[in-house]
Amino acid sequence: MKNILGIMLLAFAGLNITGCSEGDPFNGQGMRPSVDGVSDADIVAVEKAYYDARYKELTLEWKDVASEFDGSFLGTEVTLTSHSGKVVTTEIMRDKNFPQAYGRTVVATKSPQSVIYRSIWRDKEGERIYSDYCKLNEVAGLEIQNVEYGREVSFKNMHMPQWLMSNQVEGTPESNLYYKILGNPPYGFCEAQLKTICGAMWFNERDPYIKLKQLECQFKPSDILAYVTWEGDKTIMCVSQNHVKGLLSSPFDEARDELVGVCYHELTHTMQVGVSSSNNFDHQCYVEGGADASRLICGGFSEKARLDRSRSAVAKAEDQTTDPKNPPHPWLNQYSDSGFFMAWLRRYDGDFWRKLNYSTQILASNDWTFEGAVKLIFADNKYVQEEIEKQGCKNDILRGLWRAYKQDVESETLE
């Protein structure tokens with residue numbers, strides 16, 4: 001038995017935590033579920049571990065569970081250090097609605113070495129039972145590989161469109177800055193961004209991401225900051241000269257981060273399927289909030305901007321207005337109000353944003369709602385249920401989680 005220092009010691013006081021590398025006979029995993037007939041060889045073990053510093057996500061890929069016990073393996077309980085520095089315990093359950101995630105668990109954390117987990121099984125009476133705890137940093141022989149997961153693993157070989165470029169203001173200071181940041185032409189930049197976006201939004205290349213035929217990078221005068229539109233088989237991503245003009249006086253690093261972030265947002269729109277923007281507040285939330293969720297997950301906002309915008313959102317009244325032209329709650333607002341909340345919900349399941357996107361394929365598009373998708377994703381997560389009950393919102397999952405979000409961002413301090 002090894003001690004866990006600092007806050008992890010407090011979080012696990014009184015629990016039986018087994019150091020995986022200390023005399024453990026079960027292939028270094030420390031997992032001993034009391035399931036009749038399960039032998040040492042059938043214990044779930046980590047096969048590969050990846051950490052993406054951009055997404056701040058740890059991906060654990062499990063070795064195959066023997067077929068006769070596959071139905072008994074329910075999921076994984078994980079304790080992690082969240083992006084805000086809080087210690088969080090959650091359950092990430094295997095779900096037939098999301099079979100792409102059966103062989104892995106994704107943890108949204110800025111500290112992969114802090115992760116502690118245990119397996120959840122069903123015994124012969126149908127009751128949940130748990131394995132011993134395992135500290136990831138003590139798994140014998142396991143190396144956490146640092147990768148850009150979308151670019152190098154899940155979407156390494158994704159389909160790419162035919163690239164086109166249109167620039168109506170060649171030779172201007174704005175055009176020069178655009179090319180300096182994105183490249184001339186910006187095809188390599190956009191290819192890397194598409195892989196990063198798809199890696200954040202979808203599980204792998206077998207998911208229903210849109211295989212674009214042509215993508216034109218357009219730069220021209222426009223009063224709209226940036227937008228995506230379509231002309232037949234051609235998708236157009238336009239960045240406004242007017243917006244870049246406002247960046248000319250900014251330090252180059254700030255101008256670069258803003259323009260790169262804008263492109264993350266717009267390229268997300270090219271990959272969204274199943275739900276389109278309309279007068280439906282849930283759909284607007286998914287389309288524009290989702291694009292800012294992707295931008296944030298992919299590193300397109302600074303930490304200060306994330307916290308400032310999050311605090312501005314949670315300061316708004318939970319029940320905003322009776323005006324039918326406006327969303328009734330801040331978690332249905334467009335852009336960063338809802339988007340940063342979506343990204344925050346990954347603390348309960350690192351695949352949350354991927355599952356939210358895939359939920360548009362499960363729930364009928366006309367009936368898709370943010371609440372319905374969140375209920376689907378967290379249906380078996382007892383820690384989410386406990387959280388919303390603690391917030392006094394047993395039957396209102398989004399309100400309860402929004403209150404937890406509010407408490408988290410109001411108490412967060414940046415390092």
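The values are calculated or read from the model by the stated rules, or taken from the named source; none is laboratory data. Quick caveat, the model's predicted, so the values are computed rather than measured. FYI the Cβ positions are ideal-geometry reconstructions off the backbone, even for glycines, and counts take in every protein chain you see. To get the accessible areas, we keep the full protein, side chains included, count just its heavy atoms, and leave off ligands, DNA and RNA. Shrake-Rupley method; radii C 1.70, N 1.55, O 1.52, S 1.80 Å.
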Region 182-204 residues that are under 13 Å from GLU266 (Cβ atoms), paired with ones that are crowded, with 18+ Cβ neighbours inside 10 Å and of a type in the set (S, T, N, Q) (beta carbon under 7 Å, 6 or more apart): ILE197/THR268; ILE197/SER294
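At least 2 residues that are among the hydroxyl-bearing types (Ser, Thr, Tyr) in each: list the strands (runs of 3 or more DSSP E) lying fully within region 50-142 that qualify.
Filter on region 50-142 gives 73-81, 87-93, 116-122.
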If you take the residues of region 348-403 that are of a type in the set (D, E, K, R) and modelled with pLDDT under 95, which of them is most open to solvent (accessible area, probe 1.4 Å)? LYS394
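Let's see how each residue does on (1) open to solvent by 40 Å² or more (accessible area, probe 1.4 Å); (2) at pLDDT 95 or above:
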| residue | (1), (2) |
| --- | --- |
| VAL46 | no, no |
| TYR50 | no, yes |
| ARG54 | yes, yes |
| ASP64 | yes, no |
| THR76 | no, no |
| HIS83 | yes, no |
| ASP95 | no, no |
| THR105 | no, yes |
| THR109 | no, yes |
Looking for something of a type outside the set (Lys, Arg) and over 18 Å from ASN157 (Cα atoms) - is there at least one such residue anywhere in region 191-205? no
Given (1) farther than 28 Å from LYS110 by Cα; (2) open to solvent by 50 Å² or more (accessible area, probe 1.4 Å); (3) without any contact (Cβ under 8 Å) to a residue 60 or more places away in the chain, identify the lone condition not met by PRO328. (2)
Test ALA313 against the criterion of being free of Cβ contacts under 8 Å to residues at least 40 places away in the same chain, under 19 Å from TRP353 (Cβ atoms) and in contact with a helix residue (DSSP H, G or I) (Cβ under 9 Å, 6 or more places away or on another chain), and give yes or no. yes
